[in-house]
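Just below is one structure, and these are the notes that go with it.
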Amino acid sequence: MSSSDLPALAGAVALALGTLAPLLRLRLDFALALQALGVALLGAAGAAVLFGAAPVGSGFRDGIEPALGIDRLSGFFLATIALTALATLLYARDYLPGHRGASPLVALGGLFVASLCLVVTARDASLFLAGWELMTLAPAAAILVRGHDAPVRNAVFVYLAVTHVGGAGVWISVLALAHYGALSGTGTLAAHGGGPEALVLVAALIGFGTKAGLMPLHSWLPRAHPVAPSNFSALMSGVMVKVALYGLVRVLFEWAAPVPLWAGLALLGAGLLSALGGVLYALFQHDLKRLLAFSSIENVGIVALGLGASLTFAWAGDRTWATIAFAAALLHVVNHALVKACLFLAAGSFERAAGPLDLDRLGGLLRRMPWTGAAFLVGAMAIAGLPPLNGFASEWLTLQALVHLAFGPAVGLGIAGMVAAVGLAATAALALFCFVKAVGQVLLGAPRRPEVATAEEVPGGMRAAPVALAAGCVALGVVPGLLLPSLAAIAPDHTSLAAAATISVPGSGTFPAPWLLVGVVALTAALWWARGSRRAAPVPAWVCGQPVDPRLGWTSAGFTKPVRLVLEAILRPRREVVMTEEGGVLRAVAYRGEVPHLFDSALYRPARRRALQGAALARRIQSGSVRGYAAYLLVLLLVVLLAVRVGVIG
Amino acid sequence: MSAATAAAAAVQVLGGVTLAPLLPGTIQAAKARLQGRRGPSPLQPYRDLRKLWGKSVADPQPTTFVYRVAPPLVAAATALALLLVPIAGVAPNWGLGDDALVLVGLLALARFAIAASSWDSGSGFALMGSSRDLTFAAFAEALLLAALILAALPAGGTALGAMARAANGSGPWSEPAHWCGAVAFALVLLVETGRQPIDNPDTHLELTMIHEGPLLEYAGRDLALLQWSAAARHWIVIVLAAGLFLPHWGGFGAQLAYLAAGIVVLCAGLALSETTQAKMRILRVPGLLMGGCLLAFVGLATWLLGASI
């Protein structure tokens, strides 16, 4: 029994009690505190294992023998879950009271966190799959508690349908791996030939990829994340998609390892598509929470790029870079968890204080809500990948890995690496575009709606949680070099990296994270001081002599118009202008424009139509007549007997 | 610290801070001559900076801290980027390393600050400028990375000092990849310095400007900081272009002379292209940049094929 056993056990118990507490009609504060205590203990146990303590609990088993345990990879994900969940629980303390259905939401929140922890600590197929399904269902229930008008019901239906159809892949891959003894490592998948291997890998990529929101399997994500209560949105975008990546890492790097080259390249391709596609569609969103959801797709894509690069390097026999790419991907996992939770929680506060999150109708909230606004600003800069914040650290490492892939173990891989690197650079620039727009429209300028002009800063916990997460973003931006060796040690067949404040991977000019922060802050302060405080009297904005009228304010669509026009051939924007004339005089102009989501119209809608047609066809053989069914049974029996006779089965 | 390192450090700081405004000044003067005008003196940017430094700043209402911190932040990020650029193949260690991707990140930080400030003042012309700037940046950053990858091939990494040293001598010029990279970086040069045919630095016609737009609301020392930053960005990309993609041979002293010559040649080239080129339609610019990107891919393919044969 290792030293981390006890806290882990106590944490699990506290989390369970906290989840049950609302059902026992205990105070919600108390329930949330219990949940926080539980998840903190679990996270501490996870962090201890991550940083070198002995693994807790049992190892993986192939049979249906429920067991729990924490190894380094689980420890890393537990710690990430804990950091994010603690902030959301703090937030929920002031957010949920007064919210519709507060008591069930507290219970469901606990269940959700518990199921996330269960997935990463499960040590056999049955618990893993149980946790997996709970993780899907808990937020669906929370969304329906919050409100159930038709669009929300539709969003929940799409969420459940897509994740369950895709989730079949998870069942197939995990059960097949258990069947071949690959979970415990007693057998290997490769020993059974290419067929089962291909089946498991394709099923895993589809199953976990759907839940992670990898394009083109992402359709549910931008629908489900925005309609959930904000503390759930933060957990869904921050952690749930990462737990899906946990599954992918387990399969590709451990259970089915070593995987063939095509799996790595498929992951690279899906990652690039998600990164570029996610950020492009995020750019054109008018609703803040939808924008954040699309940005999650982008960041999952960046993680997938790192994982794909790692697999490709491993295939080519380059252990050093396989390790670095893997560590970069994990670093981006924790970075994005903190950042996205911060942004979603801040968005929830804006919604509470100022009403609907239509970007074109907000503005000037930094003055009204300085704490939340500052947290949102830091989060936006971090997710845009700006130094010296944490997003830059992981994007820098991922980019380094892709650049070194471009140097090429082979011609094709080199080109693939350069395509991915160039794509990631464009993604980073577009993410900056997207989040400057979000910051500008939400926080800066003049308020564009009366309720926004009178918004009040939110109370205690709702204010503290995003601020704490933003502080975490700054802190992780300073010390990524100290965290990196522990992350590298999780990679299979890893080479060890040295812990140092300055990250120096081979062939780079070094990335001195802390000194960049010191340099930027010190120089800015010095120049601020040099500029002095002599100011002319406050003046209205000049704008070349035009009065600044709120009606002339820039919209989201206007700001992004150049990109929309340049990429017209890809995005197919729709535009509609209706002019009303009366007696030759123009009376009114109505304008409507949107960037339709092409994956929906070109991929999902036809697929749904085909599925419904197939169902209609299947209904024809459901005649309702008993004789008919008896005939089906007879035919089935004959087919089975025939198959046995021929030797296909049995 | 060797003499070469000390000299390189001195050129980085003194050159970057004090000589940078000379570059746009020289380009303007040379352009005027090419167009048959007398034009301003190359020292005009210094006079402008001195005049601006003596004036008080204006605070348009309603703005926040974000608007006021943008000029110092832009200047700070640009100044840090200056310290990453190797001089004549020598990268003095300021504790910041000399990584190309960090440089890209610092330039992005400056771009974020200036775009956020234009949302803060709410000025339509500022927003128009940053909207276009950010659109170009999406393609320019891809192109910049592609060009940097090509320059990093012989060095085997993205350390700018090593990249500049690997470009030393005649060896790189026998590689098609180097030529492709040079063409791609020439396009980067045009975008980052805001020159024709991509942007017109002379225009104050509101509808055509890009980089000037977000500066419209600023005055006094704020504007001085921003104009210095624009000049320093000229310095960064021109010195980088000279160090990575122009021919240079020999030791530190010789390379320093080549660097000076390279800066003059590039300034003259920019003046010439400003004179001969008309401004391009904005929506055509990304196509041009993507063309540069494709060329870079061809360059990489030739390098990889050459290595595998």
### Query
Got a number for residues in the range A:595-617 being modelled with pLDDT under 85 and more than 30 Å from A:Val566 (Cα to Cα)?
1
### Task
For the range B:98-113, enumerate the residues that are more than 22 Å from B:Val285 (Cα to Cα), assigned to a helix (DSSP H, G or I) and either touching a His at 6+ places or on another chain (Cβ under 9 Å) or at the interface with chain A (Cβ under 7 Å from one of its Cβ atoms) (or both).
B:Ala100, B:Leu101, B:Val102, B:Gly105, B:Leu106, B:Leu109
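Given the condition part of a helix (DSSP H, G or I), farther than 23 Å from A:Leu268 by Cβ and of a type in the set (A, V, I, L, M, F, W, C), answer yes or no: does some residue in the range A:382-395 qualify? First the steps, then the outcome.
The initial filter retains those residues of the range A:382-395 that are part of a helix (DSSP H, G or I), namely A:382-383, A:390-395.
Restricting the remaining residues to those that are farther than 23 Å from A:Leu268 by Cβ gives A:382, A:390.
Pick out the ones that are also of a type in the set (A, V, I, L, M, F, W, C) and you get A:382.
Checked the range A:382-395: at least one residue is part of a helix (DSSP H, G or I), farther than 23 Å from A:Leu268 by Cβ and of a type in the set (A, V, I, L, M, F, W, C).
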### Message
Under 6 Å between Cβ atoms, which residue pairs at least 6 apart in sequence (or on different chains) link something in the range A:457-475 that is within 18 Å of A:Gly391 (Cβ to Cβ) with a partner that is surrounded by fewer than 19 Cβ atoms within 10 Å (Cβ to Cβ)?
### Response
A:Val467/A:Trp371
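What is the residue count in the range A:290-322 for residues that are buried (at least 24 other Cβ atoms within 10 Å of the Cβ) and closer than 21 Å to A:Asp360 by Cα? Can you show your working first?
Taking the range A:290-322 as the starting set, the residues that turn out to be buried (at least 24 other Cβ atoms within 10 Å of the Cβ) are A:291-314, A:321-322.
Next, from what is left, pick out any that are closer than 21 Å to A:Asp360 by Cα: A:291-295.
Here the count works out to 5.
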#### Entry: Test set (1) in contact with a Cys (Cβ under 9 Å, 6 or more places away or on another chain); (2) buried (at least 24 other Cβ atoms within 10 Å of the Cβ) - B:Gly213 fails condition number
(1)
### Query
Is it fair to say B:Ala116 is within 21 Å of A:Pro512 (Cβ to Cβ), within 7 Å of another protein chain (Cβ to nearest Cβ) and out of contact with any His (no Cβ under 7 Å at 6 or more places or on another chain)?
no
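Could you please let me know if B:Gly243 is closer than 29 Å to B:Ser2 by Cα and buried (at least 23 other Cβ atoms within 10 Å of the Cβ)? If you could, list the steps in order and put the result at the bottom.
Details: closer than 29 Å to B:Ser2 by Cα: yes; buried (at least 23 other Cβ atoms within 10 Å of the Cβ): yes.
Yes: the conditions hold for B:Gly243.
Look at the range B:2-21 and say how many of its residues are within 17 Å of B:Val237 (Cα to Cα) and touching a residue at least 40 places away in the same chain (Cβ under 8 Å). Before you say what the answer is, go through the steps one by one.
Residues of the range B:2-21 within 17 Å of B:Val237 (Cα to Cα): B:8, B:11-21.
Subsequent filtering for residues that are touching a residue at least 40 places away in the same chain (Cβ under 8 Å) retains B:8, B:11-13, B:15-17, B:19-21.
So the answer is 10.
Table: residues versus (1) surrounded by 11 or more Cβ atoms within 10 Å (Cβ to Cβ); (2) within 9 Å of another protein chain (Cβ to nearest Cβ); (3) at pLDDT below 85; (4) over 37 Å from the mean Cα position of the chain (by Cα).
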| site | (1), (2), (3), (4) |
| --- | --- |
| A:Val521 | yes, yes, no, no |
| A:Leu527 | yes, yes, no, yes |
| A:Trp542 | yes, yes, yes, yes |
| A:Gly553 | yes, yes, yes, no |
| A:Arg564 | yes, no, no, no |
| A:Gly583 | no, no, yes, yes |
| A:Val626 | no, no, no, yes |
### Query
Checking B:Ala8 against (1) surrounded by fewer than 16 Cβ atoms within 10 Å (Cβ to Cβ); (2) in contact with a strand residue (DSSP E or B) (Cβ under 6 Å, 6 or more places away or on another chain), which single condition isn't satisfied?
(1)
### Query
Quick one: is A:Leu127 modelled with pLDDT of 85 or more and surrounded by fewer than 22 Cβ atoms within 10 Å (Cβ to Cβ)?
yes
### Summary
Of those in the range B:29-68 that are at pLDDT 90 or above and of a type in the set (S, T, N, Q), the residue nearest to the chain's Cα centre (by Cα) is B:Gln44
### Task
Could you check B:Ile27 against (1) under 27 Å from A:Gly532 (Cα atoms); (2) not in a loop (DSSP other than H, G, I, E, B) and say which number it fails?
(1)
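Of the residues that make up the range B:69-76, is at least one in contact with a Cys (Cβ under 8 Å, 6 or more places away or on another chain), over 27 Å from A:Gln546 (Cα atoms) and either facing another protein chain (nearest Cβ under 7 Å) or modelled with pLDDT of 90 or more (or both)?
Going residue by residue through the range B:69-76, those that are in contact with a Cys (Cβ under 8 Å, 6 or more places away or on another chain) are none.
So far as the range B:69-76 goes, no, none of its residues is in contact with a Cys (Cβ under 8 Å, 6 or more places away or on another chain), over 27 Å from A:Gln546 (Cα atoms) and either facing another protein chain (nearest Cβ under 7 Å) or modelled with pLDDT of 90 or more (or both).
Hey, among A:Val403, A:Val411, A:Val339, which residue is crowded, with 24+ Cβ neighbours inside 10 Å and facing chain B (nearest Cβ under 10 Å)? Even if it seems obvious, please write down each step before you answer.
Working: A:Val411 fails: crowded, with 24+ Cβ neighbours inside 10 Å; A:Val339 fails: facing chain B (nearest Cβ under 10 Å).
Answer to the check: A:Val403.
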## Note on the structure
In the range A:257-300, residues that are outside any helix (DSSP H, G or I) and either within 19 Å of A:Ala325 (Cα to Cα) or modelled with pLDDT of 95 or more (or both) total 4
### Message
Quick check on A:Leu527: is it touching a residue at least 24 places away in the same chain (Cβ under 8 Å) and in a helix (DSSP H, G or I)?
### Response
no
### Query
Of all residues in the range A:459-488, how many are touching a Ser or Thr at 6+ places or on another chain (Cβ under 7 Å) and over 29 Å from A:Phe232 (Cβ atoms)?
3
### Matching entry among B:Leu144, B:Leu215, B:Leu150, B:Leu189 (being within 13 Å of chain A (Cβ to nearest Cβ), at pLDDT 80 or above and within 15 Å of B:Ile236 (Cα to Cα))
B:Leu144
### Query
Here are some conditions: (1) within 14 Å of chain A (Cβ to nearest Cβ); (2) free of Cβ contacts under 8 Å to residues at least 40 places away in the same chain. B:Cys293 meets all but one. Which one does it not meet?
(2)
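Being away from every other protein chain (no Cβ under 14 Å), in contact with a helix residue (DSSP H, G or I) (Cβ under 9 Å, 6 or more places away or on another chain) and buried (at least 20 other Cβ atoms within 10 Å of the Cβ) is true for just one of B:Ala184, B:Ala231, B:Ala177. Which residue is that? First the steps, then the outcome.
Values: B:Ala184 fails: away from every other protein chain (no Cβ under 14 Å); B:Ala177 fails: away from every other protein chain (no Cβ under 14 Å).
Just a single option satisfies the conditions, and that option is B:Ala231.
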### Query
Of the numbered conditions (1) more than 30 Å from A:Gly545 (Cβ to Cβ); (2) touching a residue at least 40 places away in the same chain (Cβ under 8 Å), B:Ser121 satisfies every one except a single condition; which is it?
(1)
### Summary
Counting only helices (runs of 4 or more DSSP H) entirely within the range B:206-309, those with at least 1 residues that are within 17 Å of the chain's Cα centre (by Cα), of a type in the set (S, T, N, Q) and under 30 Å from B:Thr64 (Cα atoms) are B:220-245
### Query
Is there a residue in the range B:192-202 that is of a type in the set (Gly, Ala, Ser), away from every other protein chain (no Cβ under 12 Å), surrounded by fewer than 22 Cβ atoms within 10 Å (Cβ to Cβ) and under 16 Å from the mean Cα position of the chain (by Cα)?
yes
### Message
Checking A:Arg572 against (1) buried (at least 17 other Cβ atoms within 10 Å of the Cβ); (2) away from chain B (no Cβ under 11 Å), only one condition comes out false. Which one?
### Response
(1)
### Task
Take B:Ser56 and decide whether it is within 14 Å of chain A (Cβ to nearest Cβ) and either touching a residue at least 12 places away in the same chain (Cβ under 8 Å) or within 22 Å of B:Arg195 (Cβ to Cβ) (or both).
yes
### Task
Hey, can you tell me all the residues within the range A:365-376 that are surrounded by 24 or more Cβ atoms within 10 Å (Cβ to Cβ) and either within 11 Å of chain B (Cβ to nearest Cβ) or of a type in the set (D, E, K, R) (or both)?
A:Leu365, A:Gly373
### Query
Considering only the range B:119-135, how many residues are crowded, with 24+ Cβ neighbours inside 10 Å and more than 7 Å from chain A (Cβ to nearest Cβ)?
3
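The values are calculated or read from the model by the stated rules, or taken from the named source; none is laboratory data. In this text, all values refer to a predicted model and were calculated from it rather than measured experimentally. Methodologically, a virtual Cβ is constructed for each residue, glycine included, from the backbone with ideal geometry; neighbour enumeration extends over all protein chains shown.
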